[in-house]
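Below is one structure, written out as structure tokens, with a few remarks after it.
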Amino acid sequence: MKNKAGLIYISWMIAVSALILFIFSSLRHELYQSTALDLAAFDQWIYLASQGLPPISSFFGFHMIGDHAAFILYLIVPLYKIYPDVHWLFAVQAIALTIGCVPVYALSLQAGLSINYARAISISYLLYPSLFNINFFTDFRPEAIAVPALLWAMWAGISHRTWQLIIAIVLVLSCKDILSLTVIAFGVWLWFSQHRRMYGIGCIVIGVVWYLMTVGYLVPMLRGGQAGGVVFYSSLGDSPKQIIWNIITNPSLILGKFFASETLFYYLLLLLPVIIGLHWRHIMTIIPALPMFLLNILSDYSPQRDLINHYSLTIFPFLIVWLLRSIWQYQQDKKRGWLKPRFLIVWAIIAFLVLAKYEFFITRYLSSLSNLNSLHTAVSLVQTKGSVLTTSRIAPHLSQRQIINLINIERKPDDISNGSVEYVLLDVRTKNRRNKLEFNPELPNQLKNNQAFKLVYQQDDVYLFKKQ
């Protein structure tokens, strides 16, 4: 009965948390703060696939699978067949992230903790700042689905649930090519830490094979010869092979990065939400997180070392598992008796209030309020599936078409009129994060004087042109 009551409690937690995450993502989108190269690209890919059209992004120019071999996107296609709407992506991500507390709860009980501790750690998982931040700040990421799958794989591997382990690993690999490294490290953990030799070898083999197939062949083939994400490691090499070789042969290239002030602060950010209960004896639990952790440290791209972007998405779940195993260890050693479930929840709430970026809605996302109604009106006047040229913030609202491209400062009226653009939608009032317009501010007046285009709508610095 107690276990049943615990599951009912967890179900309510999932429902409430998923609803909160969905509302925040939807609100950001409604405020025109989504970004084209994230949300709009995924929306376009999945929409085209649902319509039986080649899922080739006009933003990137390559096939949907070229985006890190994210085969999991095909499982979302049927939802777009029911009704094509970008909110499906928000819902899928919110449910995937929150449902991760189910395997966390199961892992807690599996480790020998009481139901009260299992509940508290599940709440700590849901309140981990990265989960909230990543959900709305990076719009949508397929690897969000890998979070509960990885936790499920941990539980299945320890419990000798072979088929559940296989399904979970397949889900993880289908989310992103680079997660093959996580699966390899997970296999090492199963083999040497959990003494599940055959499971460990199986994960290592499938991880290596998947890495060679996707990172080594499939993705470069679809992207014109370059693996995804390599640009973030240009200081180490121009290809995955060269990067790995330089790391092995010239360790001095990377040693300094481990102790840089920015990296040390990243360590603190990751550990702070759970540091109150960690025990050094169970540090091996984070072995599966090491590949993504090392990639974030070695990257030239500093946003990989924060709790805002998606790069820590497959790291923090293993910190939660480290926490729950540590609490069990303290109970065995009869230490930290004050570390009660209530205290864990209070600490999680404090960490959330300090590190979660809910204030972005005030400090960043209200910039479009002054002409929000005009933006909605202009978007509603785009009544065909013809090609559109617009800004990065408007693009996610018009991405369900074969051709949609982003304006830039170099585009001139003659270039636009000579192309196949049917609509041009511009917002002169809203600037990017560098406080600059994405186009020449004189472009609207120039298009007004261009006979190839007709001004369909103008209000509050929002301009919609249609080709004659």
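Read-outs: derived from the displayed coordinates by stated rules, not from any lab. Please read these numbers as outputs of a predicted model, since none were measured by experiment. FYI the Cβ positions are ideal-geometry reconstructions off the backbone, even for glycines, and counts take in every protein chain you see.
A few points about this structure:
- Pairwise Cα distances in the stretch 369-467 exceed 16 Å in 51 percent of cases.
- Taking the Cα centre of the stretch 256-369 as reference, the dipole from Cβ charges on Lys and Arg (+1) and Asp and Glu (-1) amounts to some 520 debye.
- Computed over the chain: relative contact order in percent, which uses C-alpha pairs under 8 Å that are six or more apart: 18 percent
- Its Cα centre serving as origin, the stretch 2-362 has a Cβ charge dipole (Lys and Arg +1, Asp and Glu -1) of approximately 1500 debye.
- Nonlocal amide H pairs with PHE453, under 5 Å, H built at 1.01 Å: GLN468
- With a Förster radius of 51 Å applied to the beta-carbon distance between MET284 and LEU369, the computed FRET efficiency rounds to 0.55.
- Summing +1 for each Lys or Arg and -1 for each Asp or Glu among the other residues whose beta-carbon sits under 14 angstrom from that of PRO291 gives -1.
- Farthest toward positive dipole pole in the chain [+1 Lys/Arg, -1 Asp/Glu at C-beta], among ALA146, GLN458, LEU48: ALA146
- Burial ordering of ILE248, ILE315, fewest other beta-carbon atoms within 10 Å first: ILE248, ILE315
- Where a label projected 7 Å from the Cα of LEU109 along Cα→Cβ would reach, residues of the stretch 323-347 with amide N under 13 Å: none
- Here the residues VAL231, VAL102, ranked from fewest to most Cβ neighbours within 10 Å of their Cβ, fall in the order VAL231, VAL102.
- Considering only alpha-carbon pairs that sit under 8 angstrom and 6 or more positions apart, the relative contact order computed for the stretch 248-385 is 26 percent.
- Percent RCO, i.e. relative contact order, over the stretch 369-467, from Cα pairs under 8 Å lying at least 6 residues apart: 31 percent
- Positive-end residue, the chain charge dipole about Cα centroid, Cβ charges, pick of LEU426, PRO441, TYR83: TYR83
- Fraction of antiparallel bridges per DSSP, the stretch 369-467 only, in percent to nearest 5: 65 percent
- Among LEU425, LEU255, a tally of other beta-carbon atoms within 10 Å of each Cβ gives an order, fewest to most, of LEU255, LEU425.
- Counting 0.36 nm for each residue step from ASP460 to ASN250 and taking away their Cα separation leaves a gain of 70.0 nm.
- Packing, taken as the mean count of other beta carbons within 10 Å per residue, orders the peptides 232-239, 373-380, 459-466 from highest to lowest as 459-466, 373-380, 232-239.
- Hz values of 3J(HN,Hα) by residue in the stretch 441-446 - Karplus curve (6.51, -1.76, 1.60), Gly and Pro given as x: x, 7, 4, x, 5, 5
- Distance from the alpha carbon centroid of the stretch 98-160 to that of the stretch 415-468 works out to 46 angstrom.
- Here each label is just a point 7 Å from Cα along the line to Cβ, and for MET198 and SER380 those points are 6.2 nm apart.
- Measuring between their Cα centroids, the stretch 298-326 and the stretch 27-41 lie 23 Å from each other.
- For HIS87, neighbours were defined as the other residues whose beta-carbon sits under 11 Å from its Cβ, and their charges (Lys and Arg +1, Asp and Glu -1) total -3.
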